[in-house]
Amino acid sequence: MSQSASTMGNEKVTSSRRNFLKTAATLTVATVGYSWLKSSQILVYAAEPKDVTLPWYGIAIDIKKCIACGSCAKACKSENDVPKEPFFFRNWVEQYTVKNDGSVDIVSPNGGIDGFVQRVPDEEIFKSFFVPKMCNHCAKSPCEQVCPVGATFLSPEGVVLVDEKYCIGCRYCVQACPYGCRFIHPVKKVANKCTLCYHRLKKNLAPACMEVCPTGARMYGNLRDKNSDLVKFLKEHTTQVLRANLNTGAKLYYNELSSEVR
Amino acid sequence: MEQHYQNLYDILAHSQGYIFPNEIDLQWGILIVIYPFITGLVAGAFILASLERVFKVKILKPTYQIALLTALSFLLVATMPLISHLSQPQRAYEIMITPHSSSAMAIFGFVYLWYLTVVLLLEIWFDYRKSMVVWSNERKGVMKWVYKILSLGVSDISPKAVKWDRKLGYIITVVGIPSAFILHGYVGFIFGSIKANPWWSTPLMPIIFLFSAMVSGIALVMMVYMIISYIRKKSIDVNVLDSIGKFLFFVLILDFTLEALDQIHRIYVAEESFEIIKLLVSGKLYLTLFVSQGLIGTLIPLITLAFLQFYKHQIKLRKSMYFIVSMLVLIGVYSMRWNVVIGGQLFSKSFSGFTSFKVGLIGLDGTLMAAFWLILPIAILSFLLWLLPPWKMVEEED
Amino acid sequence: MKLYIPPQIPRLAIAFAAFISLFLVARHFLVPDTFGKYGPYRAAAMDDYAALEIHYSGQEACFECHQNIEDLKKTDVHSELHCETCHGPGQKHVLSSLPADILKPTGREFCGKCHILNAAKQKDAINQIDLTKHNIGKNCIECHNPHQPWEMKK
């Protein structure tokens, strides 16, 4: 079979090009494959089996017991390096005053840190109560769902935390939280919120807000432990979570939550 | 910092009703308003271009390259408002290396890259390749090498190769249409999937965003075509304008229908958030919603375009009317973005109060920065039109 | 019949392959080490939190030195009240033992934060006082020992 010189030349060029392409393709597949293997760690554990030897933290707040002294909100700021200005709160206390004419007056002056002064005279009040608020540490947390980089996460103990070294400050989580418990720290410039005093939990100390609450209105505990005070409290009282319709899996249970509360 | 706190004290003094203590400061400001505006322009301009290519609307041919280059100029700038609004912009790369798969925002990096490289750049490349090769042969010096590099050194412009340019370009355009839908639809999804915010949370949000994007893109291309023709002292083909105007009219009707449907549903169903939203719409959002978006941005353009479908006036008046209509439409779509982004943050998630929004002038989050990101694409477009002039392209020989 | 590959395709494929490979290589170096260990987050973040300093010690730490106060408090209505609720964060004082490192609050407003009469407080949650009527001008602790409030001072 005779071939002209030019076609033989073409074939040689074609075959060396083919070899080059083959090598390039192999290298690409190898790199892609390796990187995929490294990242698949994430995919493999996305269906994470929970370690049941660890506690699964929950919170209960007894509205009947709250006297709005503001100690919880104040202690939280001291413990957790939150600026004292009235724009950033990891937890706060609200006062609801339902008047006889049906209107609802809600206030939270400086988050309740300085206590409350009664503003509505007794005769106009139908009922009135205080509602302490804090991060609900949701099991199906919308803030964790929307974080684009994985800086907000649910720890194996059920505490929702923010990785301050990784957060890019996009504020998506602040928008996604239905309870308004997140803010951007003005100095650190990353998302910030109640951590259930994770650093204290690790040392077997109570969160600061619960340590100082004078009436024991705030409680925390291990939802997996049937003998814990928290679980006993949940059993003995009628509790509700905020925004149950949003299905956030909130683990903050309120006793005696009235229908006016959002 | 002191100034920042002083602003917050002012806002606190002006807040109405009860807001959660952390809600005083609005999180997403003017930069997040212009981001969907810019990506909307990209998606809309691209879809107009695809009309010519895929649906063979020949009359739009003069606007084809203009639409693509406009889309590219705005797309190149699209990430910048996002990055400049982050409070840790130097960590922005994290969204590319560890995207959290459940977050719509994480998709952004990859959808953007896909659209930029596989769709827009490739389509422009296939369209211009032959011209770039010819230009690299004709020019000397730096420009010769610039065009050579841009054409990736593929210098084969035989009819067979050029036929493949067209075929591959066609495939890319077809792929590009759903890609454009995803590029802008996901922005709507970012808002629409936030169940915590009832002003945003609706399945219609991605579709509303998409249709208003198409409206803005079409209007932009119409404006750019008129301005470029004016600068080049070439006559504007009024048939092209009529054609674009017709598409603008129909898409505007669809857009208006969708937005009206969203509001009608909200009013009829009157869920728990309805009371506060009613106050929002009749109060703080009145001007931007009813006057700017509704009247100026939708109703007047609709009436004018409807009129122009039936009565074809003298050409000069028609051209002015189209120009004004495009401008009004762009104002309307910008207001829509404002109403969605800012409006959603003005009322508290307690449904019991309002905060207020003070737009700063300077700073990474301010009006000047936003204006810069909006003007930069125009500069880029001018550069691209100089580098890849559509009117100097080497025509097909068939 | 040889398959005709348009000349653009191989060149484009190389360009894309190069870009993707560069991205993957960069990614390999940029992703933090502990990322992905327990979930799509940096596991070391939990250690960062665990390493934070505490400011409130918990009253067990107070009782180690102030046994007498513990005994006193147990006998009266403030028995369930933790020391740091009034005295503020105590860790600094626990470490230094200096009196200056902890608060000794006084004043009607301070006691009033809990005890001031407010219609929203449950009657059985706490004893409430109308500060505009009760012993105006006097400091609460002139009569009430904060650690044993019902034992009136002379």
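Key figures for this structure:
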{"quantity": "Test set (1) in a helix (DSSP H, G or I); (2) over 17 Å from A:Ala217 (Cβ atoms); (3) not assigned by TED's automatic domain parsing to the domain that holds C:Ala61 - C:Val94 fails condition number", "calculated": "(3)"}
{"quantity": "Pairs with Cβ under 6 Å, 6+ apart, first in segment A:165-186 and more than 7 Å from chain B (Cβ to nearest Cβ) and buried (at least 23 other Cβ atoms within 10 Å of the Cβ), second modelled with pLDDT of 95 or more and assigned to a strand (DSSP E or B)", "calculated": "A:Cys173/A:Thr152; A:Cys173/A:Ala191"}
{"quantity": "Condition check for B:Val111: more than 14 Å from chain A (Cβ to nearest Cβ) and either surrounded by fewer than 22 Cβ atoms within 10 Å (Cβ to Cβ) or assigned to a loop (DSSP other than H, G, I, E, B) (or both)", "calculated": "no"}
{"quantity": "Residues of segment C:39-52 that turn out to be at the interface with chain A (Cβ under 8 Å from one of its Cβ atoms) and surrounded by fewer than 18 Cβ atoms within 10 Å (Cβ to Cβ), as a count", "calculated": "4"}
{"quantity": "Search result, residues across segment B:361-375 that are assigned to a helix (DSSP H, G or I) and either surrounded by 16 or more Cβ atoms within 10 Å (Cβ to Cβ) or free of Cβ contacts under 8 Å to residues at least 40 places away in the same chain (or both)", "calculated": "B:Leu368, B:Met369, B:Ala370, B:Ala371, B:Phe372, B:Trp373, B:Leu374, B:Ile375"}
{"quantity": "Qualifying residue in segment C:115-128 (condition: assigned by TED's automatic domain parsing to the domain that holds C:His147 and outside any loop (DSSP other than H, G, I, E, B))", "calculated": "yes"}
{"quantity": "Top-ranked residue of segment A:187-204 - restricted to ones that are within 14 Å of chain B (Cβ to nearest Cβ) and closer than 18 Å to A:Ala73 by Cβ, ranked as farthest from the chain's Cα centre (by Cα)", "calculated": "A:Asn192"}
{"quantity": "Filtered residue count, segment B:276-285, keeping only those that are surrounded by 13 or more Cβ atoms within 10 Å (Cβ to Cβ), not aliphatic (A, V, I, L, M) and not in a loop (DSSP other than H, G, I, E, B)", "calculated": "1"}
{"quantity": "Count - residues of segment A:225-260 that are in a loop (DSSP other than H, G, I, E, B) and basic (Lys, Arg)", "calculated": "3"}
{"quantity": "Of all residues making up segment B:176-201, the number that are in contact (Cβ under 8 Å) with a residue 12 or more places away in the chain and either in contact with a Gly (Cβ under 6 Å, 6 or more places away or on another chain) or surrounded by fewer than 16 Cβ atoms within 10 Å (Cβ to Cβ) (or both)", "calculated": "4"}
{"quantity": "Only listed residue being touching a strand residue (DSSP E or B) at 6+ places or on another chain (Cβ under 9 Å) and part of a helix (DSSP H, G or I), chosen from C:Tyr38, C:Tyr49", "calculated": "C:Tyr49"}
{"quantity": "Search result, residues across segment B:23-63 that are free of Cβ contacts under 8 Å to residues at least 60 places away in the same chain and assigned to a helix (DSSP H, G or I)", "calculated": "B:Glu52, B:Lys58, B:Lys61"}
{"quantity": "Top-ranked residue in segment B:291-335 [being surrounded by 15 or more Cβ atoms within 10 Å (Cβ to Cβ) and aromatic (Phe, Trp, Tyr); ranked as nearest to the chain's Cα centre (by Cα)]", "calculated": "B:Tyr334"}
{"quantity": "Any hit, segment B:130-151, residues being small (Gly, Ala, Ser), touching a helix residue (DSSP H, G or I) at 6+ places or on another chain (Cβ under 9 Å) and in a helix (DSSP H, G or I)", "calculated": "yes"}
{"quantity": "Qualifying residues in segment C:1-35 (those that are of a type in the set (Lys, Arg) and part of a helix (DSSP H, G or I)) - the one farthest from A:Cys143 (Cα to Cα)", "calculated": "C:Arg11"}
{"quantity": "Matching residues, segment B:1-22, being out of contact with any Phe, Trp or Tyr (no Cβ under 9 Å at 6 or more places or on another chain) and within 11 Å of chain A (Cβ to nearest Cβ)", "calculated": "B:Met1, B:Glu2, B:His4, B:Gln6, B:Asn7, B:Tyr18"}
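Each row is one residue, and each column tells you yes or no for (1) modelled with pLDDT of 95 or more; (2) under 25 Å from B:Tyr225 (Cα atoms).
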{"residue": "B:Leu299", "(1), (2)": "yes, yes"}
{"residue": "B:Ile315", "(1), (2)": "no, yes"}
{"residue": "B:Met321", "(1), (2)": "no, yes"}
{"residue": "B:Val325", "(1), (2)": "yes, yes"}
{"residue": "B:Met336", "(1), (2)": "yes, yes"}
{"residue": "B:Asn339", "(1), (2)": "yes, no"}
{"residue": "B:Gly360", "(1), (2)": "no, no"}
{"residue": "B:Gly363", "(1), (2)": "no, no"}
{"residue": "B:Thr367", "(1), (2)": "no, no"}
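Residue-by-condition table, conditions (1) surrounded by fewer than 22 Cβ atoms within 10 Å (Cβ to Cβ); (2) at pLDDT 90 or above; (3) of a type outside the set (S, T, N, Q):
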position	(1), (2), (3)
B:Gln3	yes, no, no
B:Tyr9	yes, yes, yes
B:Gly17	yes, yes, yes
B:Pro21	no, yes, yes
B:Phe46	no, yes, yes
B:Val54	yes, no, yes
B:Thr63	no, no, no
B:Ala67	no, yes, yes
B:Leu72	no, yes, yes
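The values are calculated or read from the model by the stated rules, or taken from the named source; none is laboratory data. Given the structure is predicted, the values throughout are model-derived calculations rather than measurements. A quick note on method: Cβ atoms are made from the backbone with ideal geometry, for glycine too, and the neighbour counts reach across all protein chains shown.
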